[in-house]
Amino acid sequence: MPDISLCMIVKNEEASLEHCLSGIASYVDEIIIIDTGSTDRTKEIAFRFTNKVYDYMWINDFAAARNYSIRKADNEFILVLDSDETVENINMDNIKLLIEQHPREIGRLLRINEFTRKGVLHKYSERVNRLFSKKYYRYEGIIHEQLVPITGSASNIMVDECSNVSQWTELATDKDYTYPIPLTIRHSGYEGDLDQRKKKTERNISLLKTALQQHPNDPYLLYQLGKSYYMEEDYETAREFFGQALFVDLDTRLEYVQDMVESYGYSLINIEQYETALQMLNLYDEFSHSTDFIFLTALILMNNGRFHEAIREFQLATKKKECKMEGVNSYLAFYNIGVIYECLGDLENAKKSYKKCENYEAATVRLSKL
């Protein structure tokens, strides 16, 4: 069975580091902690779990710090976590079996992002690349760093065709180069009030703009800039960056492209450009496999007064088994159907829809008023 090194980079993470390491320490064979300048108890906490805690001078480059952590690892296979991520479920025996079956590919864990907006808890699930062999992969990108193949090493991967991180992102999300692993983590990094989120995004935005100067019009960097402004609730600026990226010829099968399209649509809704958002319907055939896109389409139709079409799309979403944002195929769809029926004066069907929302608080409130 292959040994696995957990590699982390940290700075001032005393509030979350112990919880993170407590959930994973017993499952890995080595823990590497790279501290980039903590002034709190972060290093003290790290030393409780490992003696391999190293100082690293921060140079505004996340990939450089990640690669430094990998070099410090004794084992070939690397698992990467951040301190605001905690283990929800894990089967390490199966993970190690999968490594033996896929030694040159990238393992993808399931990350559940939890955050509260306007008092409502949201959960968003995604697969992220986090388990790999350091013989074949390294990190690239000063911000939102991505795994890329070490030239000439990764089997069956045409490295010479990948001139930048975005092109490798296309390969690294392809089923031929990745595999899912039985590890689910819960991520709290998007939590916090607007001021807290801005402190994080302002640093990211600065680094992303620096990276964009080196790679002008890179769609992945434009996407990440858009997401940063989206997190700040600056939806107008987010829309601008998403829009720039969407002018590039993109592979619509890519996960980040799918998320960008949906985020662009929600940006338009948030700035009340409802009529402009109707242009998203032109993409329906390409993205209708996605429950989340169907739900977005229904919201756009709803905000443009096309209620019966919106009901049809919400109902279609409820028939889908999988989704990324929790509730878009269940209580959120039924709630919006209820709102439409209530607006149309059909209170009987509104009540029926709200009752299907189970314990969703907004639906309970509406029922109490009918």
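The values are calculated or read from the model by the stated rules, or taken from the named source; none is laboratory data. Small disclaimer: the values here were computed from a predicted structure and weren't measured. Positions of Cβ are generated from backbone atoms using ideal geometry, with glycine treated the same way; all protein chains shown enter the neighbour counts.
The helices (runs of 4 or more DSSP H) found entirely in the range 252-309 include none that carry 2 or more residues being in contact with a strand residue (DSSP E or B) (Cβ under 8 Å, 6 or more places away or on another chain) and farther than 23 Å from GLU236 by Cα.
Scanning the range 235-245 turns up one or more residues that are in contact with an Asp or Glu (Cβ under 9 Å, 6 or more places away or on another chain), farther than 17 Å from PHE293 by Cα and assigned by TED's automatic domain parsing to the domain that holds LEU225.
With respect to the conditions (1) surrounded by fewer than 18 Cβ atoms within 10 Å (Cβ to Cβ); (2) at pLDDT below 95, LEU254 falls short on a single one, namely (1). Once the range 357-370 is narrowed to residues that are surrounded by 17 or more Cβ atoms within 10 Å (Cβ to Cβ) and either of a type outside the set (Ser, Thr, Tyr) or in a helix (DSSP H, G or I) (or both), the residue that is farthest from the chain's Cα centre (by Cα) is ARG366.
The rows are residues; the columns are (1) surrounded by fewer than 21 Cβ atoms within 10 Å (Cβ to Cβ); (2) within 22 Å of the chain's Cα centre (by Cα); (3) in contact (Cβ under 8 Å) with a residue 12 or more places away in the chain.
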{"site": "LYS52", "(1), (2), (3)": "yes, no, yes"}
{"site": "TRP58", "(1), (2), (3)": "yes, no, yes"}
{"site": "PHE77", "(1), (2), (3)": "no, no, yes"}
{"site": "ILE106", "(1), (2), (3)": "no, yes, yes"}
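Here ALA245 fulfils each of the conditions (1) without any contact (Cβ under 8 Å) to a residue 24 or more places away in the chain; (2) aliphatic (A, V, I, L, M); (3) farther than 25 Å from MET302 by Cα apart from (1).
In this structure, does LEU268 turn out to be out of contact with any Lys or Arg (no Cβ under 8 Å at 6 or more places or on another chain) and either assigned by TED's automatic domain parsing to the domain that holds GLN224 or of a type in the set (A, V, I, L, M) (or both)? Answer is no for this residue. Summed over the range 281-336, residues that are in contact (Cβ under 8 Å) with a residue 40 or more places away in the chain and farther than 20 Å from LEU121 by Cβ total 0. Among the conditions (1) touching a residue at least 60 places away in the same chain (Cβ under 8 Å); (2) within 12 Å of ASN303 (Cα to Cα), THR276 misses just one, which is (1). Taking helices (runs of 4 or more DSSP H) as the structural unit, those lying wholly within the range 123-238 and holding at least 2 residues that are modelled with pLDDT under 75 and surrounded by 20 or more Cβ atoms within 10 Å (Cβ to Cβ) correspond to 165-172. Confirm whether TYR341 is in contact with a Phe, Trp or Tyr (Cβ under 8 Å, 6 or more places away or on another chain), touching a residue at least 12 places away in the same chain (Cβ under 8 Å) and in a helix (DSSP H, G or I). Spelling it out, it is not the case that TYR341 is in contact with a Phe, Trp or Tyr (Cβ under 8 Å, 6 or more places away or on another chain), touching a residue at least 12 places away in the same chain (Cβ under 8 Å) and in a helix (DSSP H, G or I). Checked against the criterion of being closer than 20 Å to PHE115 by Cα, surrounded by fewer than 18 Cβ atoms within 10 Å (Cβ to Cβ) and in the same structural domain as LYS198 (by TED's automatic domain parsing), the range 271-284 contains not a single residue that satisfies it.
Kindly state which helices (runs of 4 or more DSSP H) lie completely within the range 16-103 and contain at least 3 residues that are in contact with a helix residue (DSSP H, G or I) (Cβ under 7 Å, 6 or more places away or on another chain).
Hits in the range 16-103: 42-46.
What about LEU332, is it over 19 Å from ARG253 (Cα atoms) and more than 21 Å from the chain's Cα centre (by Cα)?
Answer is no for this residue.
Any residue at all in the range 344-354 that's touching a residue at least 24 places away in the same chain (Cβ under 8 Å) and surrounded by 15 or more Cβ atoms within 10 Å (Cβ to Cβ)? It would help to see each step written out before you state the result.
Our first condition is that a residue be touching a residue at least 24 places away in the same chain (Cβ under 8 Å); within the range 344-354, this holds for 344.
Checking the rest, the ones that are also surrounded by 15 or more Cβ atoms within 10 Å (Cβ to Cβ) come to none.
Within the range 344-354, not a single residue is touching a residue at least 24 places away in the same chain (Cβ under 8 Å) and surrounded by 15 or more Cβ atoms within 10 Å (Cβ to Cβ).
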